[in-house]
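The values are calculated or read from the model by the stated rules, or taken from the named source; none is laboratory data. Every value quoted in this text rests on a predicted model; they were computed, and no experiment measured them. Note that we place each Cβ from the backbone using ideal geometry, even for glycine, and neighbour counts take in every protein chain shown.
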Amino acid sequence: MTDQTLVIIPGWGGSHETWREFEALAKPHFADVRVIDLPCFGGIPCPSGVWGIEEYAQFVQSEIKNLKSKIILLGHSFGGAVATYLIANSPDIASKLILVGAAIIRPRNLAKRFVVGLAAKLGKSAFRLPGLNRLESFAKKLLYRSLDSPETATETGIQKEIHTKIVRQDLTHLLNKIQVPTLVVWGTRDKQTPLQYGRRIADLIPNAKLAILDGGRHGLHHTHQEELLDAIGKFTL
């Protein structure tokens, strides 16, 4: 057991609810475990303006600045981008950093965007036919899942604008600025953030360690809880 607090920043759409099981599993190994609900999720209202990663990092900093024990910061997916920005700009905020399937590298996949856009337009026309309109929502989810694209079909208003902004923010340039001990954890079957990104992130962060979980997808805190906790435990000892 370590005397430090594990602070978890969930990915886009995640919250204390989606991390509840892992939080309970991890608590005996830390002084405390805190899951930070981000604005738009976990009952926290969306901001009035269109936030980017910087504003989310400032929000997290305000949430944890008064914690008394030392902090180990864990960021998953979008939360990994927030954690990266925070550590790169405020290195004293945490003693260690853990990145799990972190959405830090944002390649411009124009082909995928074209396919998604075209399919969405064709689908919208098709579902105007009598009897098919009730299937539209289900079909959209299948489409986005098959293309490994974030499901933004149900997002509206400011939440959709924020998501549109953050998925275009690449933080690769910040990785070599990270000076705290860092663990990068990735699943071999992660399609949302492929393993090649995890390897590159680990290469670019000075002295970072890489833990690869065989068969793991993007939600390691759901499917590989024990393996994830074991990797974290070996890193924090």
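Please go through the stretch 156-187 and pick out each residue that is among the β-branched types (Val, Ile, Thr) and not in a helix (DSSP H, G or I).
Once the filter is applied, which keeps residues that are among the β-branched types (Val, Ile, Thr) and not in a helix (DSSP H, G or I), the stretch 156-187 yields 156, 167, 178, 180, 182, 184, 185.
Checking residue 230 against (1) in a loop (DSSP other than H, G, I, E, B); (2) under 29 Å from residue 32 (Cα atoms); (3) without any contact (Cβ under 8 Å) to a residue 40 or more places away in the chain, only one condition comes out false. Which one?
Going through the list (1) in a loop (DSSP other than H, G, I, E, B); (2) under 29 Å from residue 32 (Cα atoms); (3) without any contact (Cβ under 8 Å) to a residue 40 or more places away in the chain, residue 230 breaks only (1).
For residues that are part of a loop (DSSP other than H, G, I, E, B) and in contact with a His (Cβ under 7 Å, 6 or more places away or on another chain), scanning just the stretch 29-46, find the one that is modelled with the highest pLDDT.
This residue is 37.
Got a sec? Which of 24, 57, 81 is out of contact with any helix residue (DSSP H, G or I) (no Cβ under 7 Å at 6 or more places or on another chain), closer than 24 Å to residue 218 by Cα and not in a loop (DSSP other than H, G, I, E, B)?
24
If the Cβ limit is 6 Å and pairs must be 6+ apart or interchain, which residue in the stretch 191-204 that is in a loop (DSSP other than H, G, I, E, B) pairs with which residue that is surrounded by fewer than 18 Cβ atoms within 10 Å (Cβ to Cβ)?
191/148; 192/148
Select from the stretch 191-233 the residues that are more than 16 Å from the chain's Cα centre (by Cα) and of a type in the set (D, E, K, R) and list them in ascending order.
Across the stretch 191-233, the qualifying residues are 199, 200, 203, 209, 214, 226, 227, 230.
If you go through the stretch 42-59, how many residues are over 21 Å from residue 5 (Cβ atoms) and of a type in the set (A, V, I, L, M, F, W, C)?
Result for the stretch 42-59: 4.
Check 36, 44, 64 and return the single one that is over 16 Å from the mean Cα position of the chain (by Cα), touching a residue at least 12 places away in the same chain (Cβ under 8 Å) and farther than 19 Å from residue 198 by Cβ.
Matching residue, one of 36, 44, 64: 64.
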